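To start, the structure under review is shown below, and the notes come after it.
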Amino acid sequence: MKRTPLYDQHVAAGARIVDFGGWDMPVAYGSQIEEHHAVRRDAGMFDVSHMCTVDLRGAGARALLMRLLANDVGRLTAPGKALYSCMLRPDGGVIDDLIVYFLDERWFRLVVNAGTADKDLAWIRERAKEIGVAVVPRRDLAMIAVQGPNARMKTAALLPEACRAQAAALGIFSATPCDEWFVARTGYTGEDGYEIVLPAEEAPALWQSLQAAGVAPCGLGARDTLRLEAGMNLYGSDMDESVSPLESGLAWTVVLEGTRDFIGKEALEAQRAAGLARKLVGLLLQERGVLRAHQRVVVEGGGQGEVTSGTFSPTLERSIALARVPAATATSVSVDIRGRLLPARVVKPPFARNGKIMIEL
C-alpha cells in the first residue's frame, strides 16, 4: 500500500485507515458526521496527497491541453486561473476528470485522481511526446485541502509570509505559486477554502499548525458526503470510461463550439445530435431509508436507471443520491431499497453549498 507524507499523523490521531485506490487513507478520526459539520460550519482539513500533481512544461503545453481536454483551456488567459475538465477517449468516455491551472505559457499544472494517475500519465505522455512537452508527476509534493467558511481565515497566518498577500487576493478557482508552495482557492466540498500543495517534508508541520488553529482533521468519509451534497461527481461512480460527460451532468464542462478538435469531440457531437438516452439527476428520498450506489431506479411510465452515488446527508438530514436515469424522466421515481420500492423526488443538484440547503425539502 502507498502512504502519504501525513500517514503517521493520521495513525497518531487514531484515524481509521482504509484502502483507497491502493493508498492507506483515513476514512474518519471519530464521528464522520461531526467532521462533515465542521466543514459546513467552520473549518476542516483533508489529506489529499494521494491525488497526483502533474506539471506540463514546454512551449506546446497549451496546444496539448487544447487537444486533450473537453473544456477549452483557451479560456485561461490570466496566470493562476484554473479550469475543471474531463479528459476523454475517442468514443467520448471519461478517462478522468481533473483541474488544470495556467501558470505561464510554458507551465500548466494538473491535479488528477489517485486511482487513475498511472492511466492518465500514460495517456498524456503518449500525446505529449509528439510535441515535445515534458510530463512531470510531482510525487515530491503533498496536498492539504482546508475547507469551510472559516478555512481561509484560519489558514492565512500559517502560510509562508511571502504567500499571504497573494493567497488573500485569490479569486475563486485561482491559484498562486509561492516559492515551493502552491495555494489554490479550489476544493471538493462546496465550501470556500484552499488546496495547498507543498514539499512533502513540510506537510506534517502545517497539518499540526492547522489543528492547533482549530481546523478539524477530516477523513474520506466526510469528504464523500460533502462532495455529494455539493453535487460533485466522483470518478468511478458517477462517470467513467463507459459514459460521456453529456450523460454525467457535465455538459457545462464541454465546449463543442468552434474549430478546436479535441479527442472525443466527434463522438459527443454525434451523441448530442442523436439525443441523449440518459441523464444524471439528483434524488431526494421521500421516506426513511438510505440511498446507496447501484440501487435500481424505477421510472414512472417505464424505464429504469441506477443510483451512482448515495448517502445520508448530515446537512439535510435526509437521504440523497445522484442517479443515471432515462432522459425522459420527470419529477419522481421509485428506488428499490432491499426489495421495497420507495418514492424519491428528482431534484437539480447541488443539495447544499456554502453552508446552506439549496433544494426544497
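Do we have any residue at all in region 56-63 that's in contact (Cβ under 8 Å) with a residue 60 or more places away in the chain and either under 25 Å from Gln9 (Cβ atoms) or of a type in the set (Lys, Arg) (or both)?
yes
Taking Arg125 and the conditions (1) surrounded by fewer than 17 Cβ atoms within 10 Å (Cβ to Cβ); (2) more than 23 Å from Tyr235 (Cβ to Cβ), which numbered condition does it fall short on, given that it satisfies the others?
Arg125 satisfies all of (1) surrounded by fewer than 17 Cβ atoms within 10 Å (Cβ to Cβ); (2) more than 23 Å from Tyr235 (Cβ to Cβ) except (2).
Please go through region 303-323 and give me each residue that is charged (D, E, K, R) and at negative phi, ordered by number.
Glu306, Arg318
Select from region 52-97 the residues that are of a type outside the set (D, E, K, R) and in contact with a Cys (Cβ under 8 Å, 6 or more places away or on another chain) and list them in ascending order.
Of the residues in region 52-97, the ones of a type outside the set (D, E, K, R) are 52-54, 56, 58-61, 63-66, 68-71, 73-74, 76-80, 82-88, 90, 92-95.
Of everything in region 52-97, those that are of a type outside the set (D, E, K, R) and in contact with a Cys (Cβ under 8 Å, 6 or more places away or on another chain) turn out to be Leu69, Ala70, Asn71, Val94, Ile95.
Within region 115-156, work out how many residues are touching a residue at least 40 places away in the same chain (Cβ under 8 Å), of a type outside the set (Lys, Arg) and not in a helix (DSSP H, G or I).
Residues meeting the conditions: 20.
Every residue in region 138-155 that is surrounded by 15 or more Cβ atoms within 10 Å (Cβ to Cβ) and either touching a helix residue (DSSP H, G or I) at 6+ places or on another chain (Cβ under 6 Å) or of a type in the set (A, V, I, L, M) (or both), please.
Leu141, Ala142, Met143, Ile144, Ala145, Val146, Gln147, Gly148, Ala151, listed by residue number.
Within region 217-238, take every residue that is of a type in the set (A, V, I, L, M) and in a helix (DSSP H, G or I) and give me the one that is nearest to Leu283 (Cα to Cα).
Once the filter is applied, the top-ranked residue is Leu228.
State whether the residues of region 209-216 include one that is in a strand (DSSP E or B), small (Gly, Ala, Ser) and more than 17 Å from the chain's Cα centre (by Cα). Outline the logic, then answer.
So in region 209-216, the residues in a strand (DSSP E or B) come out as 216.
Still in the running and small (Gly, Ala, Ser): 216.
In the following step, the residues that additionally are more than 17 Å from the chain's Cα centre (by Cα) were identified as 216.
Checked against the condition, which is being in a strand (DSSP E or B), small (Gly, Ala, Ser) and more than 17 Å from the chain's Cα centre (by Cα), region 209-216 yields at least one hit.
Return the residues of region 20-51 that are at pLDDT 95 or above and farther than 23 Å from Ala151 by Cβ; say none if nothing qualifies.
Trp23, Asp24
Any idea which of (1) buried (at least 19 other Cβ atoms within 10 Å of the Cβ); (2) in contact (Cβ under 8 Å) with a residue 40 or more places away in the chain; (3) over 21 Å from the mean Cα position of the chain (by Cα) is the one Val112 doesn't satisfy?
Result: Val112 passes all but (3).
Could you please give the count of residues in region 84-99 that are part of a strand (DSSP E or B) and within 22 Å of Glu266 (Cβ to Cβ)? I'd like the intermediate steps shown before the answer.
From region 84-99, those part of a strand (DSSP E or B) are 84-88, 94-99; that's our starting set.
Okay, now just the ones that are also within 22 Å of Glu266 (Cβ to Cβ), so 85-88, 94-98.
Residues in region 84-99 being part of a strand (DSSP E or B) and within 22 Å of Glu266 (Cβ to Cβ): 9 in total.
How about region 317-337: which of its residues are in contact (Cβ under 8 Å) with a residue 12 or more places away in the chain, surrounded by fewer than 16 Cβ atoms within 10 Å (Cβ to Cβ) and assigned to a loop (DSSP other than H, G, I, E, B)?
Ala327, Ala328, Ala330, Thr331
Look at region 343-358 and say how many of its residues are touching a residue at least 60 places away in the same chain (Cβ under 8 Å) and out of contact with any Pro (no Cβ under 7 Å at 6 or more places or on another chain).
Residues flagged as touching a residue at least 60 places away in the same chain (Cβ under 8 Å) and out of contact with any Pro (no Cβ under 7 Å at 6 or more places or on another chain) within region 343-358 amount to 11.
Hey, among Glu229, Glu202, Glu247, which residue is buried (at least 20 other Cβ atoms within 10 Å of the Cβ), within 23 Å of Lys154 (Cβ to Cβ), of a type in the set (Asp, Glu) and modelled with pLDDT of 95 or more?
Of Glu229, Glu202, Glu247, the one residue that is buried (at least 20 other Cβ atoms within 10 Å of the Cβ), within 23 Å of Lys154 (Cβ to Cβ), of a type in the set (Asp, Glu) and modelled with pLDDT of 95 or more is Glu229.
Each row is one residue, and each column tells you yes or no for (1) touching a helix residue (DSSP H, G or I) at 6+ places or on another chain (Cβ under 8 Å); (2) crowded, with 19+ Cβ neighbours inside 10 Å; (3) not in a loop (DSSP other than H, G, I, E, B).
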residue: Glu266; (1), (2), (3): no, no, yes
residue: Gly289; (1), (2), (3): no, no, no
residue: Arg292; (1), (2), (3): no, no, no
residue: Val307; (1), (2), (3): no, yes, yes
residue: Thr315; (1), (2), (3): yes, yes, no
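Determine, yes or no, whether Leu6 is touching a Ser or Thr at 6+ places or on another chain (Cβ under 8 Å), over 27 Å from Asn354 (Cα atoms) and modelled with pLDDT of 95 or more.
Here the answer is yes, as Leu6 does meet what is asked.
Go through region 152-195 and give me each residue that's at pLDDT 95 or above, small (Gly, Ala, Ser) and over 18 Å from the mean Cα position of the chain (by Cα).
Correct list: Ala156, Ala157, Ala165, Ala167, Ala168, Ala169, Gly171.
Suppose the filter is over 19 Å from Trp252 (Cα atoms), out of contact with any Leu (no Cβ under 6 Å at 6 or more places or on another chain) and of a type outside the set (Val, Ile, Thr); does Lys129 pass it? Spell out the reasoning first.
Working: over 19 Å from Trp252 (Cα atoms): yes; out of contact with any Leu (no Cβ under 6 Å at 6 or more places or on another chain): yes; of a type outside the set (Val, Ile, Thr): yes.
So Lys129 fits the description; yes.
From (1) outside any helix (DSSP H, G or I); (2) under 16 Å from the mean Cα position of the chain (by Cα), pick out the condition that doesn't hold for Trp252.
Single failed check for Trp252: (1).
The values are calculated or read from the model by the stated rules, or taken from the named source; none is laboratory data. From a predicted model like this one, the values you see are computed outputs, not experimental measurements. With ideal geometry, Cβ positions are generated from the backbone for all residues, glycine too; neighbour counts draw on all protein chains shown.
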